[in-house]
Amino acid sequence: MHLILFLVFAGFCLGGAINLLIQSHPINSALSLIVVMVSLAVLYLLLGAEFLAAAQVIVYAGAIMVLFTFVVMLLNAGREARTMGSRAARSIGFPAVVAILAVIATVILHAQSLGVARLSDGLTNVPGQTNIELLSTVLFTKLLLPFEVTSVLILIAILGAVALARHDDTDPQGSAERTDK
Amino acid sequence: MSSYFAQEVPLSWYLLLSAALFSLGVVGFLIKRNLITVFMSIELMLNGVNLSFVTFAQQWHAVKGQIFVFFVMMVAAAEAAVGLAIIIAVFRARATLAVDRIDLMKL
């Protein structure tokens, strides 16, 4: 069961990622990325990360991808010109990507101490304690300060996004540009 | 039926999948010519790294790996908000999303 689920959703994952690359319309790429993220949520579930699976669906597949599709539709992004990248990307980038992937795959496949994933495996050794209890205990006691700093970061991001995307009507140059069009 | 449930998957397969996702993200970053899809490729790379974090959390039975993924997700949400706002500002200034035509800082 675990093996079948892994193979099916790893296939969805890779298929969605490849589809993201070969589609030329941004909205199709965005929908493929949603497929990748939902499949990753299932894989997190298989790895015993229930909370992260839920957060992946809500935050990534929900919030972030809605933002992406919203921007694609708002800017009316059409087909992109199909190129294979710049000369530097062709001559250095792709060989480097293949080399890095080969090195990582060799290291992973030669690693002897890697275990196996079972559906029943939890992170905790205490009987009766769930993964989410353990995670929230660590998050809200030991790592409380980073957690609160993250909320400040998100507040700054909200303010930055509003400041960047706002129409500045007091700027005479900008309004002149707009009336020209 | 119970034999199917008893089956287990080597963690190295998860790590290989995460490396493949990251590499596909890098390739997308290099070949895509639309600002929004370049940004999507970055999200793909982040997801590949997250998968390896969760895999190692399972390998070492360490909850910190999962918490790190949680923080990565929060930072990615903030990054997406700011990045898409920048994309909207760029589109308003240049009226294009093609990365080849956004070359103001090119020599």
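The values are calculated or read from the model by the stated rules, or taken from the named source; none is laboratory data. This is a predicted model, so every value here is computed, not measured. With ideal geometry, Cβ positions are generated from the backbone for all residues, glycine too; neighbour counts draw on all protein chains shown. In case anyone asks, the SASA skips ligands and DNA or RNA and just uses the protein heavy atoms, side chains included. Shrake-Rupley method; radii C 1.70, N 1.55, O 1.52, S 1.80 Å.
Can you find a residue in segment B:94-107 that is of a type in the set (S, T, N, Q) and surrounded by fewer than 22 Cβ atoms within 10 Å (Cβ to Cβ)?
So far as segment B:94-107 goes, yes, one or more of its residues are of a type in the set (S, T, N, Q) and surrounded by fewer than 22 Cβ atoms within 10 Å (Cβ to Cβ).
I need a count of the residues in segment A:29-74 that are part of a helix (DSSP H, G or I) and touching a residue at least 60 places away in the same chain (Cβ under 8 Å).
The qualifying residues number 3.
Return yes or no: is B:A93 at the interface with chain A (Cβ under 9 Å from one of its Cβ atoms), closer than 19 Å to A:T69 by Cβ, out of contact with any strand residue (DSSP E or B) (no Cβ under 8 Å at 6 or more places or on another chain) and not β-branched (V, I, T)?
Judged against the criteria, B:A93 is not a match.
Cβ-Cβ under 6 Å, sequence separation 6+ or interchain: first residue in segment B:61-77 and open to solvent by 40 Å² or more (accessible area, probe 1.4 Å), partner of a type outside the set (S, T, N, Q). Which pairs?
B:H61/A:L123; B:F68/B:F53
Checking B:V49 against (1) closer than 26 Å to A:A157 by Cβ; (2) open to solvent by 30 Å² or more (accessible area, probe 1.4 Å); (3) over 13 Å from the mean Cα position of the chain (by Cα), which single condition isn't satisfied?
Every listed condition holds for B:V49 apart from (3).
Residues B:I88, B:I67: which one is modelled with pLDDT of 90 or more, under 22 Å from A:E50 (Cα atoms) and not charged (D, E, K, R)?
None of the others qualify; the one that does is B:I67.
Go through the residues of segment A:138-146 one by one and say whether even a single one is under 22 Å from the mean Cα position of the chain (by Cα), open to solvent by 60 Å² or more (accessible area, probe 1.4 Å) and at pLDDT 90 or above. Steps first, please.
Taking segment A:138-146 first, the residues under 22 Å from the mean Cα position of the chain (by Cα) are A:139, A:146.
Remaining after also requiring open to solvent by 60 Å² or more (accessible area, probe 1.4 Å): none.
Looking for residues that are under 22 Å from the mean Cα position of the chain (by Cα), open to solvent by 60 Å² or more (accessible area, probe 1.4 Å) and at pLDDT 90 or above, one finds none in segment A:138-146, hence no.
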